[in-house]
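Chemist: Before we start, here is the structure in question, set down as structure tokens.
The values are calculated or read from the model by the stated rules, or taken from the named source; none is laboratory data. Since the structure is predicted, the reported quantities are computational estimates derived from the model, not experimental observations. Cβ coordinates were reconstructed from backbone atoms using ideal geometry, including for glycine residues, and neighbour counts include every protein chain displayed.
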Ligand code: GUN
């Protein structure tokens, strides 16, 4: 079987070209979308995500304000900063990079972000709206996965989608989005996690497998039905002394073994990643539009 490798960069670029037009349109109304980004501590993966987000904002004409705080920042200081962004008219979206250091209560911080600026879609109000199928900011990575499927002409209606991973950032919202009564939903969804007895027995039944668990090359050929679609959300750093930086990025899927076996496959990097950032830009622009209404 010929496997189509889904090019996330190309799809992201097509969406970004569209978004650029919206930013230009907003500028005629003297509105510049603004994103406040907060990073606490110096986790290297988080640092590189945040840098990529800021670069993408710059390329799009979105104003990005960067707050890089030391790992000993207190919960009170962080909440004070979020509150100041909540009332700042130049800021339409607030992103607090997760995970936060252990001494900070993530739930408290996310609840502080006003729902109108919660461009990650992580606040309880926006999660509730999403589950109810109401208009809201959709979490960026699951939204990006839906866009990858849509641009690759892969329909979800009536399909059995097996998601591996139940995180608040990907697995849980994605399962909800896929069961919505909508053109990007209407799927039958199974969610596997660390207590699932036999993950392979589940994934083998899937028309679409989505891996979002953070375990390098967990999904192997024997776990996937021939001709299935496989979307790899995992971004794992694997030690590799042959690389200058000492590691390489590896997804949750054993990519090489699936080429020739499945119909569609996303690479890591260059699959879901570019879409995550694109959907963040999308949400920030939507927020700026709503603020200008
Ligand atoms: N950490 C990993 N993914 C994300 C994301 O989409 N948003 C935030 N805020 N933190 C993350």
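Chemist: Condition (residue is under 18 Å from residue 281 (Cβ atoms), away from the ligand (no atom under 14 Å from the Cβ), touching a residue at least 60 places away in the same chain (Cβ under 8 Å) and in contact with a helix residue (DSSP H, G or I) (Cβ under 6 Å, 6 or more places away or on another chain)) applied to segment 129-147: is it met by at least one residue?
Modeler: Looking for residues that are under 18 Å from residue 281 (Cβ atoms), away from the ligand (no atom under 14 Å from the Cβ), touching a residue at least 60 places away in the same chain (Cβ under 8 Å) and in contact with a helix residue (DSSP H, G or I) (Cβ under 6 Å, 6 or more places away or on another chain), one finds at least one in segment 129-147, hence yes.
Chemist: Go through the residues of segment 190-212 one by one and say whether even a single one is more than 17 Å from the chain's Cα centre (by Cα) and within 16 Å of the ligand (Cβ to nearest atom).
Modeler: no
Chemist: Also: Against the condition at pLDDT below 95 and in a loop (DSSP other than H, G, I, E, B), how does residue 42 come out, does it pass?
Modeler: yes
Chemist: All but one of (1) closer than 23 Å to residue 115 by Cβ; (2) within 16 Å of the ligand (Cβ to nearest atom) hold for residue 47; which doesn't?
Modeler: Tallying (1) closer than 23 Å to residue 115 by Cβ; (2) within 16 Å of the ligand (Cβ to nearest atom), residue 47 fails exactly one: (1).
Chemist: Give just the number: which of (1) touching a strand residue (DSSP E or B) at 6+ places or on another chain (Cβ under 9 Å); (2) crowded, with 17+ Cβ neighbours inside 10 Å does residue 26 not satisfy?
Modeler: Only one criterion in (1) touching a strand residue (DSSP E or B) at 6+ places or on another chain (Cβ under 9 Å); (2) crowded, with 17+ Cβ neighbours inside 10 Å is unmet by residue 26, namely (1).
Chemist: For residues in segment 104-128 being assigned to a helix (DSSP H, G or I) and in contact (Cβ under 8 Å) with a residue 60 or more places away in the chain, which is farthest from the chain's Cα centre (by Cα)?
Modeler: Only one residue tops the list, namely 116.
Chemist: Just give me the residues in segment 118-128 being within 11 Å of the ligand (Cβ to nearest atom) and within 12 Å of residue 169 (Cα to Cα), in sequence order.
Modeler: To start, the set of residues in segment 118-128 that are within 11 Å of the ligand (Cβ to nearest atom) comprises 118-122.
Across segment 118-128, the qualifying residues are 120, 121, 122.
Chemist: Being at pLDDT below 95, away from the ligand (no atom under 16 Å from the Cβ) and out of contact with any helix residue (DSSP H, G or I) (no Cβ under 9 Å at 6 or more places or on another chain) narrows it down to one residue among 293, 226; which is it?
Modeler: On the way: 226 fails: at pLDDT below 95.
From the options 293, 226, the qualifying one is 293.
Chemist: How many residues, within segment 68-103, are surrounded by 14 or more Cβ atoms within 10 Å (Cβ to Cβ), within 13 Å of the ligand (Cβ to nearest atom) and not in a helix (DSSP H, G or I)?
Modeler: The qualifying residues number 7.
Chemist: Also: Against the conditions (1) in a helix (DSSP H, G or I); (2) in contact with a helix residue (DSSP H, G or I) (Cβ under 6 Å, 6 or more places away or on another chain); (3) under 24 Å from residue 1 (Cβ atoms), where does residue 275 fall short? Just the number, please.
Modeler: The failed condition is (3).
Chemist: Hey, another quick one. Every residue in segment 86-99 that is under 22 Å from the mean Cα position of the chain (by Cα) and within 25 Å of residue 33 (Cβ to Cβ), please.
Modeler: Looking only at segment 86-99, we keep the residues that are under 22 Å from the mean Cα position of the chain (by Cα), and these are 91-99.
Matches in segment 86-99: 91, 92, 93, 94, 95, 96, 97, 98.
Chemist: Among the numbered criteria (1) in contact with a helix residue (DSSP H, G or I) (Cβ under 6 Å, 6 or more places away or on another chain); (2) crowded, with 20+ Cβ neighbours inside 10 Å; (3) over 16 Å from residue 282 (Cβ atoms), which single criterion is violated by residue 119?
Modeler: The one condition residue 119 does not meet is (3).
Chemist: Only one residue in 235, 224, 262 is more than 27 Å from residue 120 (Cβ to Cβ) and surrounded by fewer than 23 Cβ atoms within 10 Å (Cβ to Cβ). Which one?
Modeler: The unique qualifying residue is 262.
Chemist: Just wondering, is there one or more residues in segment 247-257 that are within 23 Å of residue 156 (Cβ to Cβ) and assigned to a loop (DSSP other than H, G, I, E, B)? It would help to see each step written out before you state the result.
Modeler: Taking segment 247-257 first, the residues within 23 Å of residue 156 (Cβ to Cβ) are 251-253, 255.
Right, trim to assigned to a loop (DSSP other than H, G, I, E, B) and you get 251-252.
So far as segment 247-257 goes, yes, one or more of its residues are within 23 Å of residue 156 (Cβ to Cβ) and assigned to a loop (DSSP other than H, G, I, E, B).
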